[in-house]
Amino acid sequence: MLGLLIVGSAAAALDDLQPVAVDPVVGEPAAADPADPADTPDTAEGAAADDDAVLRVGDVLRIDLPGEDTLNLEFPVDRQGRIRLPEVGYLKVAGYSLAESERRIRLALSQVLRDLSRLSVAREASTVLVKVLGYVVKPGMVTLDADGGVQSALEAAGGLRVGAQLDRMQIRRGDETIKFDYKRYLDTGDPTVIPKLESLDELFVPASPFVGNVEGALGGDKLAASGDAAEEDVGIKVFGEVRSPGLFAYKPAMTIVDALMRAQGVTQFAAVDQIRLISEGEPKKFNLTTYLDRGDPALLLGIQPGATVFVPRQQEEIKAGRNTVYVMGEVARNGAFENSDNATFMDILANAGGPTRYAETRNITILRADGSVERFDLHAFTEGLSKTRPPKMGSGDAIFVPEKTDQNEKSWIKVSPTRAVRIIGEVVRPGRYEWSDEMNLLDLLSHVGGPTMKADTAHLRVVQTDAAGKSRVETFDLERFLLRGGDISELPEIRAGATIVLPAMPDDPSDNKAQWMRLPAADTVYLFGKINAPGRYAFNDSMGFLDLIAAADGPSPSADLYNVRVNHRNGKRVEVTTVNLARYFETGDDSLLPKIRTGDTIFFPDREPDWREQTKEETIRVLGAVAKPGRYSFNDSLTLLDLLAHAGGTTANAWTDRITVVNLSCCKDQARVFDMERFMRKPDFAVLPVVRAGDTVYVPDKTQSTAFEVRQGITDVVRILSLFSLIEGLGSD
C-alpha cells in the first residue's frame, strides 16, 4: 500500500487544490480564483487545449495505478462535473482537457500516495445526460451516446404517449428555451430542424390540447380524428356532417376541399351544395357538387388561419317513384333506393350495406307491392343448401331483414309456429326452438343440451302434424342408433311444427308402485315368485335374461333355481320354457339361458313347494323307516341312494335288506326289493333298481317282521318268569 495518512500541512495542501468553478453547460473554467493554485497560467493553457479533448459531464475516465485496487476503476463525471477519488473526495474535471485533468488528479493523489510514476488517465467513454419530461411514457434522466439526439432520448424515455404535441417540443439549456417542430423532422427527415443535445439539457414534450384536463385512456385514432391543432386562433374548425369534426392545423395554400379531406370527408346525410365557410370574419357559401361536376379551380375557396367550415345536414324528402325499392331492418343503411330493371336482390341488399351481425338471414321477408309476402333463406342459399334462387325485385317492393331472436328473451312468440319445433321431456333445456330443414334430430338434441340421466332414449317419440291437422306419432330407438350406429337417413324426419317427446325412465317399482304406469305393457317384462324385487321392468333387445335378474336384485334364498319358468307371450301362442339356472352357474353355458323379449313372464318357484302343487307323476314318494318321509322332486340323473339321502337316510330300526321300490309304468305296475346291506358290503351300481318320477320307495321297519315278534314274545315270557322267581324268594324269607 502506497497511501499515507494526511496530517498537518498535507490537509492544507488539499484545501488549496479545490478546483475552479466550471460552467456546467459551456464546459469551460470560470474566472480564476487568485487563492487557487490550479488557476496558474499552466492551468489556463491546459484548459485551452483542443475542444475534442475537453471533458464534459457524462464522460467516464479510466484511472490506472498498478498495485492500487481502489484506483483501477472507471470514474464517471457527475452532473456537477466532478469525479470522486478514493481518500481524496470530489475533484472537478469538466471543462478541462484530458492532460490538464490528469495533472490535477496526479496533484490531488500526491497528497495521499507516494509513488505516482505509473499513474495513467484515459477517457473511457463519452455520454450525454439528458432529462426527458412531459408527455412521454417514462419521464426522467436518460444517458445517451455522445452522438445521441432527440429521437434517441425519446426512445430511452419509453417513447411518446398518445396525444403528445409534436410541433411544440422544447429544449431547456440553462436559462435558454429552444423550441422546435419534431413533426416536421419526421415528415422531411431534415436533421437541421432539431437542435443537438448537450449534457444537462431538459427535453420537454407538451400534450395536445385535445387530451383534456382529466387523464383517460384514449386511442391514437380518436385523437387524430379530433384534430391536430394546438392553438384555436390559427386552427381550422370543421364540424357538421363530416366524419371526423375537429380543430385542425393550418397549412399554407389550404383550400376548403383540403379541410374537408382532413375531416375524413362528408357523411351521406351532408348537404354538399350548402357548405358554409367563415374566413377572416366573412361568410361564404360553397357548392361541392358544382365543383366536382366542373372541376374549375376558380370555384375553390381559400382558407385563412382561424377559419370555420360547417357542413349542414340535408333535409331529405320521402322518396317514391316507379323504380324505388325499400330496404328495412337489420341492414347497414335503411332507406329507399332507386332500382334499375336489371338490378337483382343481391344488388339491392349490397347497396344497403348488407345485413348486420344481428340480422336473421334465414327469414328475410319480401313485401310485394301487391300485398303478397314472400320469404327467402339467404343463409341456406349462401351455404349451397337451398336450390331456391333469390327473389326478383319489382317497383314498390320492400325487403325486411328481421333481428335475430335471443334464446334468453321472454318474447318466444317472435318465432312463428311454422318455423319452430317443440322438444319436451327429459332433456337439459326443453322448450321451443327455431328450426331449419337442413338440420336433423341430433342437431336439435345437441342444441338443447342432450338427454338427461333419466331419459328413456329407446322410446323417443316424434309427433308430426300434416296439412289436414292430423297428428302422426313415430317412435324411434335413439339408444340403439347411438350404440350400433346407422345411416343418418334412419333418423326420423323433423319439420317445423313438430313436437319431440323424450320420456323418463320409471323409478324402481319397489320404491314407488305408482311409477309402473309410465311403462307401456308392450315394452316390459314381468318377474314373479321368489325374487327380491318382483314387478314390471323396462326391456329392450340389447338386454338379456341375466340383466333382468340383476335389475330385480336377484333370486331370494328360497328360490328353486332348477325350475325357473319363462312364459313367452309375444308370439301367436304362449310357450313355457324351464330354465336350470343352477346348472348355468355351474357350467357357464350361455345356451342354457332363454331368449327374452318384451311381454315375457319369468317365474321363480319356491324350492320347497306345497306337495299338492305337484302331480303324482312328477314326484317320488318315500315311506317307512326314513328320517323325513314324504314326496320329493326327482329326475333321471338321480339314483335310489340320492333319494334316500335327500330323505334324511334310514332310521335305526330300518329293515335295509327289504327296501321295496314300486315302479309306475304305462302297462303294469311292479315292485322290486333292494338289499342295501349286501350293496354296502359289495357295491355294484348295476344292481341298483331304476327309480323314475311317480315311483314309490318303501323302507320297512324291523318291528314289523315275524322274527322280531317271536323274539319280543320270548323276551316277555322271560320277564314274567323272572318276576315270579323274585316273588317266591321273598315269600320263603
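The values are calculated or read from the model by the stated rules, or taken from the named source; none is laboratory data. This structure is a prediction, so every number in the text was calculated from the model and none was measured. Because the Cβ atoms are built from the backbone with ideal geometry, glycine has one as well, and the counts that use them run over all protein chains shown. Note: accessible area is taken over every heavy atom of the protein model, side chains too, but ligands, DNA and RNA are not part of it. Shrake-Rupley method; radii C 1.70, N 1.55, O 1.52, S 1.80 Å.
Here the calculated FRET efficiency for GLN80 and MET261, from their Cβ-Cβ distance with R0 = 56 Å, stands at 0.55, rounded to the nearest 0.05. For the listed residue pairs LYS237/LYS284; LYS183/LYS251; LYS92/LYS131; LYS131/LYS196; LYS387/LYS470, the alpha carbons are over 18 angstrom apart in LYS92/LYS131; LYS387/LYS470. Pairwise Cα separations in region 539-578 fall into 5 Å bins from 0 onward with the following percentages, short to long: 5, 17, 20, 29, 18, 8, 1, 0.
Its Cα gyration tensor gives region 387-494 an equivalent ellipsoid. The semi-axes, each the square root of 5 times an eigenvalue, are 31, 18, 14 Å from largest down. Over region 555-599, accessible surface divided per residue gives 66 Å², non-protein components excluded, 1.4 Å probe. Length gained on full extension, VAL373 to PHE585, computed as 0.36 nm times the residue gap minus the Cα-Cα distance: 69.0 nm.
Computed with a 1.4 Å probe over protein heavy atoms only, the accessible surface of region 314-396 comes to 65 Å² per residue. Dividing the Cα radius of gyration of region 330-464 by its Kirkwood radius returns 1.06 for Rg/Rh. When the alpha-carbon atoms of region 84-181 are used, the pair Rg, Dmax equals 19.5, 61 angstrom. Ranked by the mean number of other Cβ atoms within 10 Å of their residues, highest first, the peptides 289-300, 87-98 fall in the order 87-98, 289-300. Orientation-averaged projection of region 452-495 equals 3.8 nm² [convex hull of Cα atoms, one quarter of hull surface area].
Note on region 55-137: the C-alpha convex hull projects to 6.3 nm² when averaged across all orientations.
With a 1.4 Å probe and every protein chain kept in, tell me what percent of the accessible surface of region 301-382 is carbon plus sulfur. Here carbon and sulfur together make up 48 percent of the probe-accessible area. Converting the Cα gyration tensor eigenvalues of region 302-390 into ellipsoid dimensions via √(5λ) gives semi-axes, longest first, of 35, 18, 12 Å. P(r) of region 255-406 in 5 Å steps, Cα pairs, percent per bin? For region 255-406, the binned pair fractions read 2, 8, 14, 15, 13, 10, 9, 9, 9, 6, 4, 2, 0, 0 percent. Within region 150-189, all pairs of alpha-carbon atoms sorted by distance into 10 Å bins from zero give the percentages 25, 56, 18. For region 428-460 versus region 569-600, the inter-centroid distance based on Cα atoms is 37 Å.
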